[in-house]
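J.: The following block contains the structure, expressed as C-alpha cells.
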C-alpha cells in the first residue's frame, strides 16, 4: 500500500496545482465580466444620450418646419391679397383717368343743344377724341396700322376677301372695318380687315 500511497500523493499535488489556475481564471473572468458590464452600461448611457439628442433635434426640426410652413402660408395669402388689390386699384386708376373725358362728352352734348353750327360740334368732338387717344397711348394702348400691310393672322381677323386691284395688293389688307389695338406688345383687340386676293 505504501507504494500505492506514494503514487497517489503526487497525483493529489498535481491535481491541487491544476485546480489553482482554474480559480485564478474564474477571478479574471469575473473582473472581465465587471469591465464588460461597465462598458455595456457606458455604451447604453451613450446610446440613451444620443437618442435624446436625436429626439431633441427632430423636435427642433419639426418646429422649424411648422414655423416655415406657417410663414409660407402667410406669405401666399399676403401675395394673393396684394395681387387682388393691385388689379382692383389698376382698374380704379384707369377708370379715374376716363372720368375727365366723360365730363368733356357731357359738356359737348349740352353744347349741341344750343349750337347752330355743326362745325363747332365737330371741333369739340375732335378735341375729346384726341384727349381720349392721348390718354390711351399714355397707358400703353396704341392703334394698329393696317391698311396696305400684309395680312397676319396673329394681329388681324379677315372678315372678307376681295379681288386685289393689282398684283402688289394680293395678300395685303385693302380695308379695315374695325381698328385693332395693342397693349404694349400684346394684342388687345384684333383688327377686322378685308384682304385682297
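What follows draws every value from the coordinates through simple rules; no lab data is involved. All of these numbers come straight from a predicted model, not from anything done at the bench. Every residue, glycine as well, gets a Cβ built from its backbone with ideal geometry; the counts of neighbours run over all protein chains shown.
J.: Sort 105, 151 so that the residue with the fewest other Cβ atoms within 10 Å of its own Cβ comes first and the one with the most comes last.
T.: Least to most surrounded, the residues fall as 105, 151.
J.: Kirkwood Rh and Cα-based Rg: tell me the resulting Rg over Rh for region 99-151, rounded to two decimals. Please list the in-between numbers first.
T.: Working: Rg = 14.8 Å, Rh = 12.9 Å.
Checking Rg against Rh, the ratio lands at 1.15.
J.: Can you pull the semi-axes for region 142-197, root of five times each eigenvalue of the Cα gyration tensor, sorted largest first, whole Å?
T.: 21, 10, 8
J.: Ok, one more. Over region 142-197, what is the relative contact order in percent, taking alpha-carbon pairs closer than 8 angstrom and at least six residues apart?
T.: Averaging sequence separation for qualifying contacts and normalising by length gives 46 percent for region 142-197.
J.: First check a/c for region 81-197, with a ≥ b ≥ c the square roots of the eigenvalues of its C-alpha gyration tensor; if it is under 1.5, answer rounded, and if not, answer prolate when a/b is larger than b/c or oblate otherwise.
T.: Oblate, since a/c reaches 1.5 and b/c is not below a/b.
J.: Further, regarding this structure: Only bridges with both residues in region 142-197 count here: give the DSSP antiparallel percent, nearest 5.
T.: Antiparallel bridges make up about 60 percent of those DSSP assigns within region 142-197.
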